Amino acid sequence: MTQDELKEAVARAALSHIVEGQIVGVGTGSTARKFIDALAEIKDRIPGAIASSEDTRKRLESHGIRVFDLDDIAKLPVYIDGADEIAPGMHMTKGGGGALTREKIVAAVAEKFVCIVDRTKFVDNLGKFPLPVEIIPMARAHVARQLVRLGGNPVLREGFTTDNGNLILDVGGLDIRDPVNLETQINQIAGVVSNGLFACRPADICLLGTENGVRTLTRNAET
Ligand code: 5RP
């Protein structure tokens, strides 16, 4: 199976996690886009969705799925999103698409985070994929210096502005053996809006696309 087919399989499998009659949170990226296309087929069973980016909002609306403001909802049973890397503890690196901050906000509100990835994203330890860090533009040099002190190699994502009007530094070379601690440490740097480590709020379930079908993983276990 191609990577694209594996993404499609997990996107479809995620439909079984939707709570009928309830709003669903929707992530960003190529796997999330496949999920949106699958969601369109059952759109009559949900009132609508929360979008984690402008790209996602546009795609949801193009399918006639109503997009709600996060401030206007009282409950979000589930959030479905991809990842750039996910480890057995359900910690993730996200933000390859630059939507990390809004993704983190929606994930914080959701009762359940379902991560949908193809097998190439499942790793023993996070760190091969450079960590995206969203920063306030005027803090670029300061944040970059602090990230170097943490052992990283920050590179500005050229020509990219986030939906929030900010910049992204992609940080290679970090030691991410303690993702909760590193996520917290990076968030303490003045000028950082958020970083792509989703460790303080990890996924609850990972739907992993493999040649042998979609596997359902939870923290350090398979169900
Ligand atoms: C966007 C993200 C995406 O979930 C992540 O980049 C994975 O994307 P894809 O499904 O295209 O591989 O965090 O900010």
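The values are calculated or read from the model by the stated rules, or taken from the named source; none is laboratory data. On a predicted model such as this, the values are computed, not experimentally measured, just so you know. Please note: Cβ atoms are built from the backbone with ideal geometry, for glycine as well, and neighbour counts cover all protein chains shown. Each accessible area value is taken on the protein alone, full model and side chains, heavy atoms only, with ligands, DNA and RNA left out. Shrake-Rupley method; radii C 1.70, N 1.55, O 1.52, S 1.80 Å.
Okay, helix-only estimate at 222 nm for the chain: each DSSP H run of n ≥ 4 adds -39500 (n - 2.57), divide by all residues, round to 500 deg cm²/dmol; what do you get?
Working: 6 runs with 60 residues, N = 223.
My calculation for the chain gives -8000 deg cm²/dmol from helical runs alone.
Can you compute the charge dipole magnitude of segment 68-223 about its Cα centre, using +1 on each Lys and Arg Cβ and -1 on each Asp and Glu Cβ, nothing else charged? Give it in debye, rounded to the nearest 20. Write out the running numbers ahead of the final one.
Numbers: 16 positive and 20 negative charges, 73 e Å.
For segment 68-223, the charge dipole is close to 360 debye.
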Query raised in the report: Taking the Cα centre of segment 156-223 as origin and charging only Cβ (+1 Lys, Arg; -1 Asp, Glu), how large is the dipole, in debye to the nearest 20?
Result: 120
Query raised in the report: Which of Val78, Ala108, Asn187 sits farthest toward the positive end of the charge dipole of the chain, with +1 on the Cβ of Lys and Arg and -1 on the Cβ of Asp and Glu?
Result: Asn187
Query raised in the report: Taking the C-alpha atoms of segment 94-223, how large are the radius of gyration and the largest Cα-Cα span, Dmax, in Å?
Result: 15.2, 48
**Report entry** Dmax and Rg, reported as Rg then Dmax, of the chain (C-alpha, Å)
**Finding:** 16.9, 51
Query - Reference-scaled alpha-carbon Rg (2.2 N^0.38 Å with N residues) for segment 86-158 - result: 1.25
Requested in this report: Might you work out the accessible area of Arg66 for me, using a 1.4 Å probe with all protein chains in place, and round it to the nearest 10 Å²?
Outcome: 150
Query - Average accessible surface area per residue within the chain, 1.4 Å rolling probe, Å² - result: 45
Requested in this report: Could you please state, rounded to a whole Å, how far the C-alpha centre of segment 11-83 is from the C-alpha centre of segment 112-131?
Outcome: 21
Query - Heavy-atom accessible surface of segment 42-199: percent carbon and sulfur, 1.4 Å - result: 48
**Report entry** Simple spin-label estimate for Val109 and Lys43 in nanometres, 7 Å along Cα-Cβ
**Finding:** 2.0
Report summary line: The size of the Cβ-based charge dipole (Lys, Arg +1; Asp, Glu -1) of segment 26-145 about the Cα centre, to the nearest 20 debye, is 200
Query raised in the report: Taking a probe of 1.4 angstrom, what is the accessible area of His91 in Å², to the nearest 10?
Result: 40
Query raised in the report: Taking segment 1-112 as the region of interest, what is the percent of Cα-Cα pairs per 5 angstrom bin, listed from the shortest bin to the one with the maximum distance?
Result: 2, 12, 24, 27, 21, 9, 3, 0, 0
Query raised in the report: Expressed in nm², what is the orientationally averaged projection area of the convex hull enclosing the Cα positions of segment 3-60?
Result: 3.5
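Averaging sequence separations of C-alpha pairs under 8 Å and six or more residues apart, then dividing by the length of segment 1-139, give the relative contact order as a whole percent. Intermediate results must be reported in sequence, preceding the final value.
Numbers: 240 pairs, mean separation 37.7, N = 139.
That works out to 27 percent.
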